[in-house]
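Everything on this sheet refers to the single structure shown next.
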Amino acid sequence: MKTLCFLILIVFTLCLTAITQAQSKSYAEMTEKEKADFVAGKIDEITEKISGKKYRFNSDFKLQVSNYVDAYAKRVGNNRKTGDFAEDLKFVLQRGSESAPAINKAFDKSGIARLSGLYIAMIESEFNPNISSPTGSYGLFQIDKSRAQKYGLPLKERADVEKAANLAARYLKDNQIYFAEHKMKEFLAVLSWNRDPKKINFDINFKFMFDDENLACPICGLTGSPTRFDQQFQTEAVKYIPKFLAAAIVGENPQDFGLSTKPLSTLGAETSQTALDNNSGLNVSLDYWKQQLNKALEPRQKPVGSELKEAIIPQELVGNNGKQKTTLEAMKAQGFAVPMDFFDLAEMNLTKELVELPLATETYVLDIGGMAADKVFTKFNFKDGAIIPAANSDSQRKMKELADNFDGQKYDLNNPNDRKKIRLRLLRMLSPQAKMVLEEIARQYQAKFNRPLRVTSLVRSIDYSIELNKVNAGSFLVTEDGAIPPHCSGLAFDFAIKNLTAEEQNFIANILTEMDKNGKVDAIRETGATAVFHVFVL
């Protein structure tokens, strides 16, 4: 028995050693079998990052991807720098590293996976913003004239990486909605960058009509039988998704190809909440926050927006927030100390007058703090403006107390990045009673629609509100007459409307109407570019 156990242990050790050695190999050092397994595993990883799902691609499709990965791998170390599609891949990814922050920002904002934008740009231009094609397409994403005109981008600005990325993100979002009824909608949207989406839809609906296997994997069906389709597909579109995935495998795993750049999707300043670190979200990871935000913004099968005719606005949600004004006037008369700056917000956190909300829960996700700065903290009043208080002042002492232990997280007040993180966390606060109301509305919404509700505003300080007034004409105008702006009370929060269908808007409106009638809240449906349900807890 002991001998048998010993032999099993030896076999297990040898297998573990073999696996470890295989994992430590570079792509060039792998056997053909190891390369195939590597590519298959990475296809699954990339697919899940883009769609949140595990799609099953057939072996023929995986072989096509492997061939393109091989072609990319052969370009590593050739030291060619010609600007064409044969140069050393290290130069391609260096350009990609420069463009990635703008691409990632644009795609984060639209709720479309970063990888979709990054690797369309790689296969279209290899991250060259000044390349043009014989057909007139231009720039990093090779945007043609008709697409630029449709999305309002001046032709001369197609080389602007940020503006081109914004257009690309909008286009893919529109086509994910267009392909919502198909499996693999995310990859069909990527394919639509190369082929008219109506043609793709025709190809699937009519040529796969009774083909269950290809309907289950439309990308496999399209790339596996190119001669069933027109010449454009046979010469261009057939290779688009395999090459896209190969580019993503290389760009997200550069170390496996002997390249020193970082994975492109990890580069750049992160949007609002993602400026926080993994340990500062009340035990909520950034990956979970991203997952929930993507879910909140996922394309709907019905129209969304703030001007839908089907959206019903109850009378209770129209008007001048009279009950809110009355409550704020009463708070002013009772001597409520308005948070003038982040020092005041820090004190309100220490006294638990306000409580911090997690980045995301199953029922809601926060998308706030876009103007949080990393500058030194200042005290603010209307007479003197912003001033830095003395090092031994009570304000500085309390801020240091908070920074030393912000719910278990320590921050360095001399570090600009840490100061920004503190600001972002302080903007994630509400009064305990307002938090309970927010959670109840979000719970009902999530139970109905199986997605989290996106919260775009919580508490604000006066100085932050003034900065917001400069860029957001719809925000509450802060004056020096001593009034309490609603969000400075800690009793107000906003739910974004523009990504909601009429059904979703009407559902939330009904909840708020009932709460309004019961004297629990004073709510209003705001319109315009920053349309929200503004909720004030009474």
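The values are calculated or read from the model by the stated rules, or taken from the named source; none is laboratory data. Quick caveat: nothing in here was measured; it's all calculated off a predicted structure. Positions of Cβ are backbone-derived with ideal geometry, glycine not excepted, and every protein chain shown enters the neighbour counts. All accessible areas refer to the heavy atoms of the entire protein, side chains included, with ligands and DNA or RNA removed. Shrake-Rupley method; radii C 1.70, N 1.55, O 1.52, S 1.80 Å.
Structure notes:
- Listing of helices (runs of 4 or more DSSP H) fully contained in the stretch 143-262 that carry 1 or more residues being of a type in the set (S, T, N, Q) and open to solvent by less than 20 Å² (accessible area, probe 1.4 Å): 161-178, 218-224
- Residues in the stretch 66-96 that are touching a Phe, Trp or Tyr at 6+ places or on another chain (Cβ under 7 Å), outside any loop (DSSP other than H, G, I, E, B) and surrounded by fewer than 17 Cβ atoms within 10 Å (Cβ to Cβ): there are none.
- Out of ALA447, ALA523, ALA496, ALA473, sole residue that is under 24 Å from MET371 (Cα atoms) and modelled with pLDDT of 90 or more: ALA496
- A single member of SER99, SER137 is surrounded by 23 or more Cβ atoms within 10 Å (Cβ to Cβ) and hydroxyl-bearing (Ser, Thr, Tyr), and it is SER99.
- Selected residue (criterion: farthest from the chain's Cα centre (by Cα)) from residues of the stretch 49-58 that are more than 10 Å from GLY224 (Cβ to Cβ) and open to solvent by 50 Å² or more (accessible area, probe 1.4 Å): ARG56
- Residues of the stretch 308-326 that turn out to be out of contact with any helix residue (DSSP H, G or I) (no Cβ under 7 Å at 6 or more places or on another chain), part of a helix (DSSP H, G or I) and open to solvent by less than 40 Å² (accessible area, probe 1.4 Å), as a count: 1
- Screening LYS156 with (1) in contact (Cβ under 8 Å) with a residue 40 or more places away in the chain; (2) within 24 Å of VAL92 (Cα to Cα); (3) basic (Lys, Arg) gives one miss only, at (1).
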